[in-house]
Structures are given as structure tokens and as C-alpha cells.
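Q: Please find one structure pasted underneath; my questions will follow.
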Amino acid sequence: MNIVTTPDSVLQIATAAMARTPDERLRTVMAALTRHLHAFVQEVRLSEDEFEQALEFIVGVGQATGEKKNEVVLAADLLGVSTLVALLNNQDPQGGESPAALLGPFWRANAPLCTAGESIARSKTPGVPLDVRGVVRDTEGRPLAGAIVDAWQASPVGLYENQDPEQDDMNLRGRFETDAEGRYHFRTVRPAGYPVPTDGPCGVLLRAQQRHPNRPAHLHFMVSKPGHKVLISQVFADDDENLESDPVFGVTRRLIGCFEPQGDGQQATLQYDFVLEPGEMKFPRPPIP
Ligand code: BEZ
Ligand code: FE
């Protein structure tokens, strides 16, 4: 009889109840998730108080998600799950394709389409001017004309435009089309490191774990062209003190860019190339509108 007797029997019976799932992938994923969740609860001998706290955390994460912030994405990032998924799905490049990184909670679709060389610092954005250039190629080394390089970043005070009433809508966001030689070029200001949002349940967790919230300075990129897999990536400033303690574990060696100071250090340049692999051009769902 499928009636619960011991703690262990709950897993057997729950798994049997899910075994009818017609979708094979859903059946496999849910069976593994349930098995691991039960093993976790057994391993830590989860108390009733802890269970209640965990449920409240999940409710709080949902309630803290809205127009300005996606706390659900943030929670996945802080657990290292977003980076794990990005690495698992983009590892062992066969054709030298560029490394991927987590999307983060602040990408917005439909950033302004800009002309080559334009600045994405639209409102008055103080900071060291940064000139960013590179080439987009396919895995055969051929330059990709007409690829879209979507770039976004926090301001030098460490806030994305949608978090900061001082910045214009879409400040520090822009999309650039590559030219016939696959080149892209834009101007901006050097990004600063910044804290992930700590005003919600994720902040409570970080403080309880004595983890600092500061991401190393970086630019986000999403590079796309029909017939190619969309590349989501980040490029980190090579002189940042938090490269080895990113709270969302996003830094890998190949994602560290060379931010070259120019002249007396009043300006900087970054040269970073991308390689797209063949595949379906599928964009992620924006974490915020
Ligand atoms: C970001 O880089 O935008 C980001 C990534 C993960 C969590 C919070 C912010
Ligand atoms: Fe960021």
C-alpha cells in the first residue's frame, strides 16, 4: 500500500506519485530534485522552526521581486547556481567560443540601438572615460558582420540606472551592430565595483554568513547574431580587489579584461573579442522589465 510509514517511505511514495509525468525531462528533473531535497532534509535533520524560516525566506524573495529588482535571480546567483548553470552549458569550448557568465538581475531588453563609437553614458555620469572595442567572430575565425553587442553596466557610484533616480532611463545601456569586419566600438565610463542589493532577504542571508556583497567592477555583454547561440558574458576589471571574492562567483580567468590606463590615467581602453558558436539565437527572459 502506498501509505507513509517511516520518514524514508515518504520519498518512495512521492517519487511513485510523480512517475506518471508524461514529459520525460520533467519526470527526470523532478525525481532528482525530490531525491536530493529529501536527502538534504535528512542530512541536516531540518527542525520545524528552520523549515518555517526557509519557507518565509522563499516567500520574502518572491515579495522583494518587482520592477526594480529580481530577488529570485539574486538568490540563485548568491548560491552559485547561476554560475554553475552558465558553466555547465558553455564548458569545454570546441571551437574556441567565448566563455559565458551569469546574466544577473539587471539586464533589460531593448536597450537603445547606437551608432559605432557612441557613448552609453547618457546622463551626466562622472568617471574615467573608457573606450571599448573588439571583434566578433565565428568559430572558424570569420568576422561576423551585423552581430549585435548589447552592453550594460553600473555607474561609477555602483548603481544601475533603474536603481538610481539620478540617472536617465537606459543610461549605461546600449546595443551596437558590428561592421563588415566584425568590429564593435563604444565609449562609456569605467565601471566601479558595487554591492549586490542587500535590502531584501538575500541581504539578511549574506550578513548571517558574514559574506561581503561587493562584485568586482565589470561590464555585461550579450552578443547575438541569427544562426548563433546568444553569448551572455561579463568582463571584469583586472585591477579589482574583489576578483577572488565575487559574491556571485562570476569571475573566471578568461573573463578578466585588460583595462589599460591611457596617458596620465585619466582615460582607459578595453579590447575584448567575442567568438560565437553556431546555434539557435534564443534570448533570455528579462529579469526586470
Ligand atoms: C550584476 O552584475 O548585475 C549582478 C549579478 C548578480 C547579482 C547581482 C547583480
Ligand atoms: Fe553587473
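The values are calculated or read from the model by the stated rules, or taken from the named source; none is laboratory data. None of these values were measured; they are calculated from a predicted model. FYI the Cβ positions are ideal-geometry reconstructions off the backbone, even for glycines, and counts take in every protein chain you see. Each accessible area value is taken on the protein alone, full model and side chains, heavy atoms only, with ligands, DNA and RNA left out. Shrake-Rupley method; radii C 1.70, N 1.55, O 1.52, S 1.80 Å.
Q: Starting with the highest mean, order 233-241, 126-134 by the number of other Cβ atoms within 10 Å, averaged over the residues of each peptide.
A: 233-241, 126-134
Q: Which net charge results when you count Lys and Arg as +1 and Asp and Glu as -1 among the other residues whose beta-carbon is under 9 Å from that of Pro247?
A: 0
Q: Compute, for the chain, the length of the dipole vector about the Cα centre, with Cβ point charges of +1 (Lys, Arg) and -1 (Asp, Glu) only. Units Debye, rounded to 20.
A: 560
Q: Okay, next question. What is the antiparallel percent of DSSP beta bridges lying wholly in the chain, to the nearest 5?
A: 70
Q: Follow-up question, since we're still on this one. So, for the stretch 16-93, what is the accessible surface per residue at a probe of 1.4 Å, expressed in square angstrom?
A: I get 74 Å² per residue for the stretch 16-93.
Q: Rounded to whole Å, give me the distance from the Cα center of the stretch 95-112 to that of the stretch 1-48.
A: Here the answer is 35 Å between Cα centres.
Q: Order the peptides 73-80, 279-286, 61-68 from the highest to the lowest mean number of other Cβ atoms within 10 Å of their residues.
A: Per-residue mean Cβ counts within 10 Å order the peptides as 73-80, 61-68, 279-286.
Q: At 1.4 Å probe size, put Arg137, Arg175 in order of accessible surface, largest to smallest.
A: Heavy-atom accessible area, descending, gives Arg137, Arg175.
Q: Sort 219-232, 30-43 by packing, meaning the average of other beta carbons within 10 Å per residue, with the highest value first.
A: Ranking the peptides 219-232, 30-43 by packing returns 219-232, 30-43.
Q: By the scheme Lys and Arg +1, Asp and Glu -1, what is the net charge of all other residues having a beta-carbon under 12 Å from that of Thr139?
A: Overall, the nearby charge balance is -1.
Q: Also, I was wondering about something else. What helices does the chain hold that run 20 Å or longer along their axis, going by alpha-carbon atoms, with a Kyte-Doolittle average of 0.0 or more, using DSSP H for the helix calls?
A: 24-44
Q: Another question about this same structure. Give me the percent of accessible area attributable to carbon and sulfur for the stretch 71-276, probe 1.4 angstrom.
A: 51
Q: Right, another one. Give the distance, in whole Å, between the Cα centre of the stretch 114-139 and the Cα centre of the stretch 252-289.
A: Their Cα centres are 10 Å away from one another.
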